[in-house]
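Input: a single structure, listed below in structure tokens.
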Amino acid sequence: MKRILFFFISMTLGLCAQAKVQLPQLFQSGMVLQRGKTIPVWGKAAPQEKVMIRWNQHQYATVADAQGHWHIDLPKMKAGGPYTMMINDVALTDVLVGDVWLLSGQSNIDVTIERVYPQYTDEIDHFDNNKVRLFRVQNQANPHGTQDDILPTSINWKPVTKQNAWLFSAVGTFLGLRMQQQTGVPQGIIVNSWGGTPIEAWISADSLRNDYPLQVEKTLLYQDDEMVKSQQQANQRADQRWRQLLDQSDPGVAQQFTALDYDDSSWQLVSQYDNQWAKTGGRGIVGSIWLRQHVHIDKAHAGQPARLLLGTLFDADFTYVNGQEVGRTYYQYPPRRYDIPEGLLREGDNVITVRFINKYGTAHFIENKPYMLCFGPDRFSQNPLPQDVIPLSQQWLHHAGAQMPPCPNGDVSLQNMATTLYNAVLYPLAPYALSGIVWYQGESNSGNPGPYADLLRKLLGNWRALWHEPTLPFCIVQLAKYMYPTDAGYKNWLRLRDQQRLVAEGDRYAEAADIFDLGEENDIHPLRKKEVAERIGICFDKLVYGK
């Protein structure tokens, strides 16, 4: 028995000694490390296991603590690479040394290259820069407290190509390309953003507790995982039931309103911008509404693939051409760009059918957006040839769908609660060495702009303390122009923008990027993201390079 026990203990110790080190998700082949600063490397191993890093022809060693945590600071380096880093038996290859930037905030950081493609078609088509690497932090929220690592991600230090950047942040991609062109050294872009999130979600509980205790207390209520799970499941089931009843009672589903040969001669003709068709009793219709438009296609364009531009719609839409679905969008903000396959459009009469679905508000078309059919090789750009464009009419045939009661909703949006994003997706990134941080957020705090300057100062101090770097540079991107001066929320946007300015002016290691003129009154997500990246770059030219 003693021999068996000795053999088991020996085998266990042998397995521990041979156990692979565990690295944070940030440490992968292809990564970019920050030049000119100490390079922190950390991870987990078996308790008391020796960890050896072989890097740049030198070796560095430590021993994991009783919990298995280890940390080694590598010396400063000049830009260069590619290198290989060996951590025990783990090999990280194609490692570059240059400048690393963290971009955080909400949906205007999220806006992808795909979304802005029509603005920069030729440039994006020729993306090919191996010295700019992209990393996207996977969204996660945690109400319980800080965690050690982020979730695995599909964009993990990928070089800039059209394919790799397609679903990556446009601001991040253009910033990396701009800084690489300016400096000539490799660039690492870490994007860590979540649309619609308030600034409080990105700040630690310790930083908020004294001045904003109720926000922290609210987050504590959601530390019951079973409660959260049950509410999320209930919301999902309520949504499924709501949609099931909608489809059952919607005459357009049973009568096939989408069909090309459907007789719509009795439908009412309405203007897309006079949205009385979307109201009943003076209020927006909750449920579905159908619109149809006949379009004549000439012989030259019949059978060709096309792109249908339906501007921007509120809220969800399912869109059909000649009875075939060509696209659907579940919320208001994305531009409707639906590709029509070859052979679907015929010579003569064709029909476009839009089924609006609204759970709240009033269905409507956003003005001053493109509504047209585009053909030819330039149909994906902003400027297709005039002969390849068929404008849509503002007149649509209208038919009522199904009116519904509001969908029951006890939504659990953990990402909108105080501290949850700091815990899950910010804390685990530190102390990965950075050149600077971009903070582009504020839209979700515009309803109450008064405390924003205080919250932003807390965030800057909080993050610098986390990185143990009190002079860490920040570029604060001010809110772009949005809404019209007569709109109810317009003045609040001005106030919040001014709060951002005040913070930047009072912080010697921060600059504000003014992008007011790059905004669009009718779109909270303006598309000129390359110009935004250029202005961010100018801020870092001063903060980091002393220009």
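The values are calculated or read from the model by the stated rules, or taken from the named source; none is laboratory data. All of these numbers come straight from a predicted model, not from anything done at the bench. Don't worry about glycine lacking a Cβ; one is built from the backbone with ideal geometry, like all the others, and counts go over all protein chains shown. Note: accessible area is taken over every heavy atom of the protein model, side chains too, but ligands, DNA and RNA are not part of it. Shrake-Rupley method; radii C 1.70, N 1.55, O 1.52, S 1.80 Å.
The condition of being open to solvent by 30 Å² or more (accessible area, probe 1.4 Å) and either out of contact with any helix residue (DSSP H, G or I) (no Cβ under 9 Å at 6 or more places or on another chain) or closer than 30 Å to Asn129 by Cα (or both) holds for only one of Asp149, Asp247, that being Asp149.
Across the range 33-57, which residue is surrounded by the fewest Cβ atoms within 10 Å (Cβ to Cβ) among those that are more than 17 Å from Leu96 (Cα to Cα) and small (Gly, Ala, Ser)? Looking at residues that are more than 17 Å from Leu96 (Cα to Cα) and small (Gly, Ala, Ser), I get Ala46. Looking only at residues of the range 250-285 that are among the hydroxyl-bearing types (Ser, Thr, Tyr) and in a strand (DSSP E or B), we find that the one that is farthest from Gln394 (Cα to Cα) is Thr280.
Figure legend. Inter-residue proximity from the range 44-66: first residues within 14 Å of Val21 (Cα to Cα), second residues assigned to a strand (DSSP E or B) and among the aromatic types (Phe, Trp, Tyr), beta-carbon distance below 6 Å, spacing 6+ or different chains. Indicated pairs: Ala45/Trp70; Val51/Trp70; Ile53/Tyr60; Thr62/Trp70; Ala64/Trp70. Look at (1) within 11 Å of Cys475 (Cα to Cα); (2) open to solvent by 70 Å² or more (accessible area, probe 1.4 Å) and you find that Ala510 fails only one, number (2).
From the list Gln140, Gln180, Gln163, which residue is polar (S, T, N, Q) and not in a helix (DSSP H, G or I)?
From the options Gln140, Gln180, Gln163, the qualifying one is Gln140.
Restricting attention to the range 356-371, which residues are open to solvent by less than 50 Å² (accessible area, probe 1.4 Å) and assigned to a strand (DSSP E or B)? The answer is Phe356, Ile357, Asn358, Phe365, Tyr371. Looking across the range 158-183, just one residue is open to solvent by 70 Å² or more (accessible area, probe 1.4 Å) and among the aliphatic types (A, V, I, L, M), and that is Leu167.
State whether one or more residues within the range 351-358 are farther than 17 Å from Ala316 by Cα, touching a residue at least 40 places away in the same chain (Cβ under 8 Å) and not small (Gly, Ala, Ser).
Yes, the conditions are met somewhere in the range 351-358.
Only a single criterion out of (1) part of a helix (DSSP H, G or I); (2) over 23 Å from Asn368 (Cβ atoms); (3) of a type in the set (S, T, N, Q) is not satisfied by Ser288, namely (1). For Arg457, the conditions (1) more than 30 Å from Gln232 (Cβ to Cβ); (2) of a type outside the set (Gly, Ala, Ser); (3) in contact (Cβ under 8 Å) with a residue 60 or more places away in the chain all hold with the exception of (3).
For the range 120-144, which residues satisfy the criterion of being more than 30 Å from Ser204 (Cβ to Cβ), crowded, with 17+ Cβ neighbours inside 10 Å and within 21 Å of the chain's Cα centre (by Cα)?
The answer is Tyr120, Ile124, Phe127, Val132.
Entry remark, the range 58-81: residues being buried (at least 16 other Cβ atoms within 10 Å of the Cβ) and assigned to a loop (DSSP other than H, G, I, E, B) number 4 in total. List, please: which pairs have Cβ atoms under 6 Å, are six or more places apart or on different chains, and start with a residue in the range 296-322 that is free of Cβ contacts under 8 Å to residues at least 60 places away in the same chain and under 22 Å from Lys369 (Cβ atoms) and end with one that is outside any loop (DSSP other than H, G, I, E, B) and open to solvent by 30 Å² or more (accessible area, probe 1.4 Å)? These pairs meet every condition: Phe314/His364; Phe318/Arg328. Restricting attention to the range 455-486, the residues that are out of contact with any Phe, Trp or Tyr (no Cβ under 7 Å at 6 or more places or on another chain) and open to solvent by 60 Å² or more (accessible area, probe 1.4 Å) add up to 6. Within the range 461-506, the set of residues being part of a loop (DSSP other than H, G, I, E, B) and more than 26 Å from the chain's Cα centre (by Cα) comprises His468, Glu469, Pro470, Thr471, Pro485, Thr486, Asp487, Ala488, Gly506. Taking only the range 191-211 into account, find how many residues are more than 25 Å from the chain's Cα centre (by Cα) and surrounded by fewer than 20 Cβ atoms within 10 Å (Cβ to Cβ). Adding up the residues that qualify gives 4.
Please go through the range 44-79 and give me each residue that is among the small types (Gly, Ala, Ser) and either on the phi < 0 side of the Ramachandran plot or in contact with a Gly (Cβ under 6 Å, 6 or more places away or on another chain) (or both), ordered by number. Result: Ala45, Ala46, Ala61, Ala64, Ala66, Ala79. Does the range 259-272 contain at least one residue that is under 13 Å from Thr353 (Cβ atoms) and buried (at least 20 other Cβ atoms within 10 Å of the Cβ)? No, because not a single residue in the range 259-272 is under 13 Å from Thr353 (Cβ atoms) and buried (at least 20 other Cβ atoms within 10 Å of the Cβ). Assess whether Pro431 counts as being in a loop (DSSP other than H, G, I, E, B), under 30 Å from Leu96 (Cα atoms) and either touching a residue at least 40 places away in the same chain (Cβ under 8 Å) or of a type in the set (S, T, N, Q) (or both). The answer is yes for Pro431. Filtering the range 372-396 to residues that are assigned to a strand (DSSP E or B) and open to solvent by less than 30 Å² (accessible area, probe 1.4 Å) leaves Leu373, Cys374, Phe375, Trp396. The condition (being among the small types (Gly, Ala, Ser), out of contact with any Ser or Thr (no Cβ under 8 Å at 6 or more places or on another chain), modelled with pLDDT of 95 or more and open to solvent by less than 10 Å² (accessible area, probe 1.4 Å)) is satisfied by just one residue among Gly343, Gly287: Gly287.
Within the range 372-404, the residues that satisfy the criterion of being of a type in the set (Phe, Trp, Tyr) and closer than 19 Å to Asp349 by Cβ are Phe375, Trp396.
Of the residues screened, Thr419 is not one that is buried (at least 18 other Cβ atoms within 10 Å of the Cβ), closer than 25 Å to Glu114 by Cβ and not aromatic (Phe, Trp, Tyr). Taking the conditions (1) free of Cβ contacts under 8 Å to residues at least 60 places away in the same chain; (2) at negative phi; (3) surrounded by fewer than 19 Cβ atoms within 10 Å (Cβ to Cβ) in turn, Pro24 satisfies each one other than (1).
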